[in-house]
Amino acid sequence: MIKKNLIVLSFIFCFISIQTFAEMGGGMIEKKKNDDMKMHKGMGHDQSSQMMSDKMMDHKMMQDMSNMMKQMNNMMGKMSNTMEHGMSMDANKTKEMADMMKNMSGMMNDMSEQMKTGKMDHENMEKMKNKMKNMNETMDKMMKEKKQEQEKKSE
Amino acid sequence: MRLNFIKKIIFAILFLLPNIYALEKGNVYLEMGGGYKTGDFGTSSRTNLYYESPSLGYITSTYDVNITLPYLSLTTGSNNVNDIGDTILNVNFEVIPEENNNFGLDSAITLKLPTGNENKGLSTGNRDYGTFISFQKSLKEIKLSLSTGFIKTGDSALQSYDDILPYGLTLSKIFAITNIYASLEGRKYLSINGSNPLAFYMGFFRILNKQYSLKGNTFLGLNKDSPDFGIGLGVVRWF
């Protein structure tokens, strides 16, 4: 994933650089700067450049919140999907599923309580993320097993 | 040629990254924000700016695409102009996730389209291109972010403008469901006599519920090149 991102990043920087030089006709050095004039003194100009650089600052917090919401929705969706499709489960799987749902419910309650009492911190959020990740993996594993069973039967 | 160039850039920003991560689902959000700034920028006249900056975006765990079209009300002395400002197209993407690593690295590309009126002082009259990079490291409960970038400014028929090197250092901490941050932000205008606005920011980001968030900030200019003071507030609606 990191490698893929680095490739994308490199590509975009190369793309922008090449296009910028092409646009300028290689004239960056020739470009005359008016040194007598104090540049960008207008508030309008300042606002634009400010907004451009501010976009990066807000991004991380927005992303954290979006991720949490998405993980929860996905998990609920998968659980609902599993139930709807009437997956046949033995006693162990049923217990596993029940535990997961209990866990999920507990997490939702925890979050709710923490929001009320103001105790939710970054560490807690990370723990919840990890729990959800584990549950997600278990759910995927169960779905995969079910699929394999169906394939064996059809053979 | 210029038109083709704009088309290519817009294509890269709006379509390239989302297509690469097309399978990843995210959230649409609408941010309604606004604020006030005042300063003299080292001149004898004071300028006040009221702005509204609505943003529409799509965010996933790896990227964030958004567009912002501000409306500005600019007052210098007895002159007052009200009009739309420059449009900002922005793509943020995660290069190295902090999860499973000791640090995180994000990057962004930004395009400013000159939709504002240059004659009214609301735009430079040409497009700007920005690339940014941000390094994050969690130090126990406090997160440290270092960011920098480069803004290639376009010149107008009337004036040439300096390119910009933005930089910033941010410390943030989550208290309950509120993220509080303090930052030092500057922009170096790249010429011999280029100005160098520097300001100290404090702000917050609070989750109200599953659908709404509240954000706000205030800043104090630390030199004559920066606005003296400003305050901003925004509500984010998640879909």
Choose one answer from B:152, B:215, B:25: the residue with the largest mean-square fluctuation in a GNM of chain B with alpha-carbon springs under 10 Å.
B:25
Under 13 Å from the Cβ of residue B:68, count the other residues' Cβ atoms, weight Lys and Arg +1, Asp and Glu -1, and hand me the total.
-4
Using only the alpha carbons of chain B, determine the length spanned along each of the three principal axes and report them from longest to shortest in whole angstroms.
52, 43, 36
For the ranges B:84-91, B:142-149, what's the packing order if you count other beta-carbon atoms within 10 Å of each residue, average per peptide, and put the highest first?
B:84-91, B:142-149
Give A:55/B:120; B:140/B:224; B:140/B:215; A:55/B:224; A:133/B:140; B:25/B:112 a once-over and call out the pairs whose C-alpha atoms are over 30 Å from each other.
B:140/B:224
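Only the coordinates and a few stated rules stand behind these numbers; no lab work does. Just so it is clear, the structure is predicted and the values come from calculations on it, not from any experiment. So basically every Cβ, Gly included, is an ideal-geometry build from the backbone, and we count neighbours across all protein chains shown.
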